[in-house]
1. If you plug each phi of the stretch 231-238 into the Karplus form 6.51 cos²θ - 1.76 cosθ + 1.60 with θ = phi - 60°, what whole-Hz ³J(HN,Hα) values come out, in order, with x for Gly and Pro?
2. Considering the alpha-carbon set of the stretch 327-433 alone, what are its Rg and its Dmax in angstrom?
3. Over every pair of different alpha-carbon atoms in the stretch 461-540, take the mean of 1/r and invert it; report that Kirkwood radius in Å.
4. From largest accessible area down, sort Glu589, Glu430; use a 1.4 Å probe on the protein chains.
5. Provide the descending list of Cα extents for the stretch 237-365 along its principal axes, expressed in whole angstroms.
6. Extent of the stretch 203-259 along each principal axis, from alpha carbon coordinates, in Å, largest to smallest?
7. Can you find, among Trp481, Gly395, Thr426, the residue sitting farthest towards the positive end of the charge dipole of the stretch 370-494, where Lys and Arg contribute +1 and Asp and Glu -1 at Cβ?
8. Can you list residues whose amide H is under 5 Å from Ile365's amide H, if they're 5+ apart or on another chain and H is modeled 1.01 Å from N?
Amino acid sequence: MAAGRLRGMFRRGILAAALLLPGAAPQQDPRAAWLATHAIRMRSLDPADGDFSDLEPLKARIAGARIVLLGEQTHGEGSTFLGKTRLIAFLHEKMGFDVLCFESGLYDCRKAWDEILAGKEAWPAMKQGIFPIWMESRQLEPLTEYLGRAARSPRPLELCGYDCQLTGKASTESLVADLRALVTALTPPAVTEAEWGRIETFAKALLEGKAPEGEDLRAGKAALEALAAALDSPRFSATRPAAERAFWRQVLESLGALPAHLAVSERKGIPLADQFNPRDEQGARNMLFLARARYPDRKIVVWAASMHLLRAHPSIETQRAGFNYRGVRSMGDRLSEALGEEVFTIAFTTGPGEAALPWGDRWPIPPAPEGSLEDLCARAGLENAIVPVRGAGAGSPFAKPLVARPLGNSPMRADWGRHLDAFVFTKVAEPSRRRFAKEEVEAHRDVVAALEKAAARFRARWEEGNVWADKGDLDSAWETWREIFSPSPEAVREAEAKVRAWASRAAEHPALGYRVHLLYARLASERGDLDGAIAEVDRALAAYPEKDRPDPMVHGAWQHLANRKAMFLWDKSGFPEALAWAAGALAREPKFHFFHAVPWLERIGEDRGKRDALGSAIAGAYGKRAAAFPADAARVRKYAGLFVETVK
């Protein structure tokens, strides 16, 4: 999956480019004026808005297309998911598109659709086949609900996938058994027992994310080809419909191609094209099978990353030193070459905001550079809009190369008419947010009750002497409450008062004292009070119980408390002060056994200077600790060795 993070902030320029004459109003950039006139303004991104009158002009733009490709920037923009869902509903209800193809497994999504047809609710069924990066997002829920309703209607929206990867539980739970059923559908079996053994070994390696090599690769692919050939035999024709046999031939081809992708997907130091192309080549083969053989007379919407859908990547100027698209050939290239104007490609782009994976931290999307498409759209007064590129004409912003951000929210210059047919612009990006089950929502409706439930669990572990008694915090209940309900500032203040009243009593228990102070630290940091947050973490460190732990690295929590303080210090005073405090505490504090380096490395990123400083300071601190606590020297040396390996 293609994703890019841009963490620097761009300064916006002055909005007027024209000469100001005495008493004259500033002239609008003609490109912004064109956008104000020609963009199709979307009333909202809300999938619940079923009045599609605002989207009616899109019909003329898409007329004649049988496949609409809907791209996204990084998989982290929840606002994009919502906008795509509303467009899908429009295409389904008003333009006759009735197949939705995801950037997920060809096999897995077929199994997911079978489960929906069998009556299973859409979300758990789709989760069997579609990547978690979408299925765990709250902003995908409207799509799952829409697809579930449509499945029970006279005009279903059929789900499928094009990816050669095995992307869900469907493959792990059913693929080998389904392959075996295919082999044994005939008597005698479709392939020899030896060939079946090679197929089984090959498939199990793929399910573990491993690329078969050497003789295992050659023999496995030969066995898959033998089974595919058997599907064309008269014996099989009598047992399986032609469409079913065609689907399985494509699955077998796709499985045979997957090792080429797995062999390079995580390899470092190779050209992007070598890493990217194998997956997209087979993805295009799968997509062409779907378009030409499985759904030859139907209209298809494709949901994927824009990286897979745009055309002619090598001519895009990335404007990043050492990074280019030389040699890249996407699925979009191959589809357009094969199907021409039957394919219509739409990429989302955005102004400033935030993005996030459902389970991860948010990252900022900075304001767009002056003169970029996104800047011009904002200056044209657009909130959410479809910007036509195909057929835009000589007076449009696309008459000359233009900076835009459809790929990773990174500014790139291109003649965009070569790469796509329309943009969807959103003025502000909202991050993807974690989906919560109904039971979890109800459990957090009363935040104090949720905190008490967590506290009861921690007290019970303490009383029974559980070695895992230190694991877990109270912050999570508060954070989940905020994430689910998006409370107003007034509601937050009211809830905080109730939480403090409860916490003042709960803190008396030894299992909860330090956890309460950590919760207070979070509350302070949310208010922007870093001094207060640091003071509360100091209280948490002081309240952390003195007791023997079998392995402090595994069973302790002091290292996490220490990192919380260090990150606050970093925010307040910078990296050097945070590192100096952490190294000093590790050298002298009896409770500080293990230094947890991962949060530091994630924040440092590719900054070699900071990475080296971290390695030197913490290695030195471990040396001082060994001298200060000679009885614990063996464990100190063990933890120091683990730190060195982690930093490497």
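The values are calculated or read from the model by the stated rules, or taken from the named source; none is laboratory data. If you're wondering where the values come from, they're calculated on a predicted model, not measured in any experiment. All Cβ positions, even for glycine, are placed from backbone atoms using ideal geometry, and neighbour counts span all protein chains on display. Only protein heavy atoms, including side chains, enter the accessible area calculation; ligands, DNA and RNA are left aside. Shrake-Rupley method; radii C 1.70, N 1.55, O 1.52, S 1.80 Å.
1. Once rounded to whole Hz, the list reads 5, 8, 6, x, 4, 6, 4, 7.
2. 14.7, 45
3. Values: mean 1/r = 0.0745 Å⁻¹.
Radius from the Kirkwood sum: 13.4 Å.
4. Glu430, Glu589
5. Principal extents (largest minus smallest coordinate, Cα): 58, 35, 32 Å.
6. 35, 18, 14
7. It is Gly395.
8. The list, which skips near neighbours in sequence, is Gly353, Glu354, Ala355.
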